[in-house]
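**Q** My structure is below; once you've seen it, I'll send some questions.
The values are calculated or read from the model by the stated rules, or taken from the named source; none is laboratory data. Here the structure is a predicted model, which is why all the values come from computation and not from measurement. Positions of Cβ are generated from backbone atoms using ideal geometry, with glycine treated the same way; all protein chains shown enter the neighbour counts. Areas reflect the complete protein model, heavy atoms only, side chains present, ligands, DNA and RNA absent. Shrake-Rupley method; radii C 1.70, N 1.55, O 1.52, S 1.80 Å.
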Amino acid sequence: LSGTCNLLRLLCDEYEGLECCVIDSKNISIGSGIIAIRCAQLLEEGMDFASLCQQAQQMIGGSKIFFCLKTLEYLQKGGRIGKLAAMLGGAIALKPVISCNEEGCYYPIAKTIGRAPSIRKVLELAQKFAEGCPRVMLAVMHGGAPEEAQALAEEVRRRIPQGVIEVRGQISPALGVHTGPGLVGICVLKME
């Protein structure tokens, strides 16, 4: 999604004597952040740096983000979708649920008609991803939709009982500019 990993690799190559490990999470937003949060916890538990780098790499396949938007307007303005697609999608209240694939590309994993079905689909996909894993770390995020995020967090606690919500909150303006107000999402990190 950006040149951030490459930039960090270049910076790390410039410094002698600084042990670095750059991990491409193949994810966006809190999908990357949840791996960093788990790595910080492992460091606090005493894991050494080499083991931590290995562990972080292994977390990539066990981390997934699912989110929905209130409107397609900001995706269109940001050049992610065309004007016609935004107009037609808006006319039928199309609400894509977005995730990242194995290569780290942002894509619509599902499409629904209407706001409530899109939020239910986000929860359903997160629950399915967490299924069978005895312990998961969760994040519930929003972009200007705190009430919907609160209701979603309550439902997440009920539907993913093996999960602990480690992060809850508002996305950054840098992300919000691309999605507009009304984003609601869940991130799942499988712990075992």
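**Q** Within the range 134-151, can you find the residues that are open to solvent by 20 Å² or more (accessible area, probe 1.4 Å) and assigned to a helix (DSSP H, G or I)?
**A** Pro146, Glu147, Glu148, Gln150, Ala151
**Q** Further, regarding this structure: Pick from the range 69-100 the residues that are open to solvent by 60 Å² or more (accessible area, probe 1.4 Å) and charged (D, E, K, R): which of them is modelled with the highest pLDDT?
**A** So the residue we want is Lys70.
**Q** Further question: Just to be sure I understand the filter: pairs with C-beta atoms under 6 Å, separated by 6 or more residues or on different chains, first member in the range 41-55 and closer than 19 Å to Ser25 by Cβ and part of a helix (DSSP H, G or I), second member among the polar types (S, T, N, Q) and open to solvent by less than 70 Å² (accessible area, probe 1.4 Å). Which pairs pass?
**A** Close Cβ pairs (under 6 Å, with a partner that is among the polar types (S, T, N, Q) and open to solvent by less than 70 Å² (accessible area, probe 1.4 Å)) do not exist here.
**Q** Has the range 35-52 got any residue that is open to solvent by less than 40 Å² (accessible area, probe 1.4 Å) and at pLDDT below 90? Show your work before the answer.
**A** Within the range 35-52, the subset open to solvent by less than 40 Å² (accessible area, probe 1.4 Å) is 35, 38-39, 42, 52.
Add one more test, that the residue is at pLDDT below 90, and what stays is none.
No, the conditions are met nowhere in the range 35-52.
**Q** Continuing with the same structure: Could you pull out the residue among Glu154, Glu103, Glu166, Glu131 that is under 28 Å from Ala56 (Cβ atoms), open to solvent by 60 Å² or more (accessible area, probe 1.4 Å) and at pLDDT 95 or above? Reasoning before the result, please.
**A** Details: Glu154 fails: under 28 Å from Ala56 (Cβ atoms); Glu103 fails: at pLDDT 95 or above; Glu166 fails: at pLDDT 95 or above.
Exactly one of Glu154, Glu103, Glu166, Glu131 is under 28 Å from Ala56 (Cβ atoms), open to solvent by 60 Å² or more (accessible area, probe 1.4 Å) and at pLDDT 95 or above, namely Glu131.
**Q** Still on this structure, please answer the following. Taking only pairs six or more apart or across chains, which ones have beta-carbon atoms under 7 Å, a first residue in the range 82-108 that is assigned to a strand (DSSP E or B), and a second residue that is of a type in the set (Gly, Ala, Ser) and at pLDDT 85 or above?
**A** Lys95/Gly114; Lys95/Ser118; Val97/Ala110; Val97/Ser118; Cys100/Gly31; Tyr107/Ser99
**Q** Go through (1) within 28 Å of Leu42 (Cα to Cα); (2) open to solvent by 40 Å² or more (accessible area, probe 1.4 Å); (3) part of a helix (DSSP H, G or I); (4) out of contact with any helix residue (DSSP H, G or I) (no Cβ under 7 Å at 6 or more places or on another chain) one by one and return the number of the condition Glu124 breaks.
**A** Going through (1) within 28 Å of Leu42 (Cα to Cα); (2) open to solvent by 40 Å² or more (accessible area, probe 1.4 Å); (3) part of a helix (DSSP H, G or I); (4) out of contact with any helix residue (DSSP H, G or I) (no Cβ under 7 Å at 6 or more places or on another chain) one by one, Glu124 breaks only (1).
**Q** Could I ask something else about it? For the range 176-192, name all the residues that are at negative phi and either in a loop (DSSP other than H, G, I, E, B) or more than 11 Å from the chain's Cα centre (by Cα) (or both). Break it down into steps so the answer makes sense when it comes.
**A** Of the range 176-192, the ones at negative phi are 176-179, 181, 183-192.
Correct list: Gly176, Val177, His178, Thr179, Pro181, Leu183, Lys190, Met191, Glu192.
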